[in-house]
Amino acid sequence: MARRARSVGFSLEEPDIERLDVLVKTFGDGSRSAFLRRAMRHMEAAARAERLQRLQRYGAARAAERGLAPQDAAALVKRVLRERADA
């Protein structure tokens, strides 16, 4: 499948250009486009991980409000699944 590419511009300060060049050589085989695609995949994964951490904190807080501890989770899940199967 042919790639339809579009150039986008951004500016960097001189020290950042040097850092970018090192990263491009290391992670993009010398291609800024390849590096950016790889960096975007990594940042998307980081964003998903951060979202999961927020959801885990939310869930832990809600469970604590109900007097549940992390070790109660397995038994609670089994009970809910059993109740749904019986319904």
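So which chymotrypsin sites (Phe, Trp or Tyr not before Pro) in the chain are both in a DSSP loop and have at most 15 other Cβ atoms within 10 Å of their Cβ?
10
Based only on Cα atoms, what Rg/Rh ratio does the chain have, Rh being taken as Kirkwood's radius?
Across the chain, the Cα-based Rg/Rh ratio is 1.30.
Can you give the net charge of the other residues whose Cβ lies under 13 Å from the Cβ of residue 48, counting K and R as +1 and D and E as -1?
+1
Readers should treat all values here as calculations from the given coordinates under stated rules, not as data from a laboratory. What you see is a predicted model, and the numbers here were worked out from it, not measured in a lab. No Cβ is skipped: glycine too gets one built from the backbone with ideal geometry, and neighbour counts run over all protein chains shown.
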